[in-house]
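Readers should treat all values here as calculations from the given coordinates under stated rules, not as data from a laboratory. Note that this is a predicted model, so its numbers are computed, not measured. Here the Cβ positions follow ideal geometry from the backbone for every residue, glycine too, while neighbour counts run over all protein chains shown.
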Amino acid sequence: MHRTALFALILALFAAVLPAEEGAVTLEFRLDPGTLYRYDIKETKRTLVKDPQTGEAVIFAISSALDNDYVTFSKDGVWLEYVSQRVFRDMSVDEATANGLPLSRQEVNRQKEAELILQRMKTPVFDFGVISENGEPDPGLASNDIKDVIQVSAGNVIFLPPQKREVGDEWARDIQVGRYKVRIVYSFESLERKEGRLLAHIKGALKFKDLPKGDQLSVLKAYEFAFDLDVDRKLFDYSRLDALYSITKDGKVVSRQITLEKRLKGSRALTRAELDEARYEAGLVKTWQTDEQTGRLKEAPEKLEDLVHEGKSLFLGGLKIFLRDHVYPNCEIFGKKIRYFWFTEWLNSKPIEAADCRGKVVLIGFFDPDIASSTRIWRPWEDWGSHWGDKGLVLIAASAAKPEKVKAYVKETGVKWPVALDGDYLMLNRFNVTRIPYFVVLDREGKVCFTLLGKRELYKLHKKLEEFFGPIED
């Protein structure tokens, strides 16, 4: 190889691993119309409660993992109509102490349950709005409500129109949100080439100017941010927001730090067909969510169930969560036709579809291998199956316990009946199951005609089945 060519190759290799050259670069954040953006979110809430009189200090920190998808539509020049979905995955307790000693299991579970209700039941799955191509929320949507002010102000943080900046630069932007004057301060910390991408590391803070004494926003003590901007793609690769709130309640000082970390998983342009379908489905979702929030959604919309069953929607994750946590818990169940079984896996049987059971009677019994009372049902189960199975009785033992636990139990006990795993908890919520064992009977039209909680009154279930098949002959 020629010496000059070899030298050039060595320089190229070094350039791929060394920090980018210093000098001015163009910083810009930009959203493209007709695009799907997907993010991983980790939200951590750390609450500190201190009693100045006793010195008691209780700390509870919990992290939640979520999926977040954005679909942008074009609208009126630089303004983009968008729909966003947040899908809760799981949570973990990071710290739970009182003066350095672990909190009781009961108290930890209580706070976990409260956070779970907030995340799954009280937080909207879908968010609709208008945003600029550079990520600026529509100022016309702002109000003086504390949540709206903070949300719109935070949305403006990423608003970076094209601008030449060098490492070490500091600058600020002043915006008006409702009646509040907000200053966003930026600092260009460093520039790095990583895995072929040129990343600008930017930090800063959000401050409210001339805040009147005692104003509701005075509870916000600090709001800092950091993000890594992909210079070439004009997208943020990673962002972190840290907000600190503090109030005094009942003589105790309550501080809460909320950290929101967001990482880009990928983005792609939508085809015309995908975009048209997404627009149509977004309109449906907006109506359903509004009806749910106003208490008008008393029955599961068939189109919603169809979209989840088809499994092709861009919003599938959010639709499934919305159906499970926001629709089914508010729906009447008795007398309603079950159109789909939402079980995720079957043992001892090929998948059984609700449509295949028309003309038959279906008994679904929910159990958990760890709850003894729910597993002491197989003797009558065997009697019902052996006497009425040929007459049109379909038996399904269902469980939402961990799959590996259920599979081990079935193998160990030799249970031979069809066992359905409810991995998404959709069937639990469909039938409003709060405790187990729990039994549901579907008539020959697929309608819920009987439910029973517990096993003490199994004779009532037996009598209900006799209404369809007659008494068991000796």
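Rank the residues 343, 128 as a footprinting-exposure proxy: fewest other Cβ atoms within 10 Å of their Cβ go first.
128, 343
Once fully extended, how much extra length lies between residue 216 and residue 30, figured as 0.36 nm per residue of separation less the alpha-carbon to alpha-carbon distance?
Here the answer is 63.7 nm.
In whole Å, what is the distance between the alpha-carbon centres of the stretch 359-373 and the stretch 432-474?
10
Can you tell me how much longer the chain between residue 159 and residue 76 gets when fully stretched, taken as 0.36 nm per residue apart minus their C-alpha distance, in nm with one decimal?
Gain on extension, residue 159 to residue 76, equals 28.0 nm.
Against the longest alpha carbon principal axis of the chain, how many degrees, from 0 to 90 and to the nearest 10, is the axis of helix 105-120 turned?
Relative to the chain, helix 105-120 is tipped by roughly 80 degrees.
What distance in nm separates the two pseudo spin-label positions at residue 391 and residue 298, each 7 Å out from Cα along the beta-carbon direction?
The answer from the label model is 3.6 nm.
Filter the GluC sites (Glu not before Pro) in the stretch 175-280 down to the DSSP loop ones having no more than 14 other Cβ atoms within 10 Å, then list what survives.
Taking the stretch 175-280 and a limit of 14 other Cβ atoms within 10 Å, the loop GluC sites (Glu not before Pro) found are 195.
Can you tell me the length gained on complete extension of the stretch residue 122 to residue 98, counting 0.36 nm per residue apart and subtracting the Cα distance?
Full-extension gain reported as 5.8 nm.
In this model, which of 265/407; 45/265; 213/234; 112/312 are farther than 31 Å apart at the alpha-carbon?
Cα-Cα > 31 Å for 265/407; 213/234; 112/312; rest within.
Between [x] 4, 17, 26, 25, 16, 8, 3, 1, 0; [y] 4, 20, 31, 28, 14, 3, 0; [z] 3, 15, 22, 21, 17, 12, 7, 2, 1, 0, which entry matches P(r) over Cα pairs in 10 Å bins from 0, in percent as derived from the coordinates of this structure?
Answer by label: [z].
For the stretch 213-289 and the stretch 22-74, what is the separation of their Cα centres, given in Å?
For the stretch 213-289 versus the stretch 22-74, the Cα centre distance is 6 Å.
Is the stretch 345-469 rounded, prolate or oblate when judged by the Cα gyration tensor, a ≥ b ≥ c being the square roots of its eigenvalues, rounded requiring a/c under 1.5 and prolate requiring a/b larger than b/c?
It comes out rounded by the Cα gyration axes.
Let's test the formula: R0 of 51 Å, r as the Cβ-Cβ distance of residue 462 and residue 130. What FRET efficiency results, to the nearest 0.05?
The computed FRET efficiency comes out at 0.30.
Describe numerically, in nm with one decimal, the distance between label points set 7 Å from Cα along Cα→Cβ at residue 290 and at residue 469.
A separation of 4.9 nm, rounded to one decimal place.
Using 22 Å as the Cα-Cα cut-off, could you pick out the over-long pairs in 350/405; 391/460; 402/460; 194/262; 298/402?
402/460; 298/402
Please report, to two decimal places, log10 I(q)/I(0) for the stretch 17-270 at q = 0.08, 0.09, 0.17 Å⁻¹ as given by the Debye formula with identical point scatterers on the Cα atoms and no solvent.
Results for the stretch 17-270 at q = 0.08, 0.09, 0.17 Å⁻¹ read -0.37, -0.47, -1.44.
Using only alpha carbon pairs under 8 Å that are at least six residues apart, calculate the relative contact order of the stretch 134-291 and give it in whole percent.
Relative contact order for the stretch 134-291 comes out at 13 percent.
Explain nothing, just the number: relative contact order of the chain, from Cα pairs under 8 Å at least 6 residues apart, as a whole percent.
So the answer I get is 13 percent.
Just rank 81, 332, fewest to most, by other beta-carbon atoms within 10 angstrom.
332, 81
Have a look at 129, 59, 266 and report the one farthest towards the positive end of the charge dipole of the stretch 17-270, computed about the Cα centre with Cβ charges (Lys/Arg +1, Asp/Glu -1).
Comparing the listed Cα positions along the dipole, 59 ranks first.
Between 0 and 90 degrees, rounded to the nearest ten: what's the tilt of helix 458-469 against the longest Cα principal axis of the chain?
The angle comes out near 70 degrees.
Within 10 Å of each candidate Cβ there may be at most 14 other Cβ atoms; applying that plus a DSSP loop requirement, which trypsin sites (Lys or Arg not before Pro) in the stretch 420-473 survive?
Qualifying residues, ordered by number: 435, 444, 456.
In degrees from 0 to 90, rounded to the nearest 10, what is the angle of the helix 3-17 Cα long axis to the longest principal axis of the chain?
With rounding to tens, the tilt is 60 degrees.
Sort 294, 413 so that the residue with the fewest other Cβ atoms within 10 Å of its own Cβ comes first and the one with the most comes last.
Final ranking by Cβ density, sparse to dense: 294, 413.
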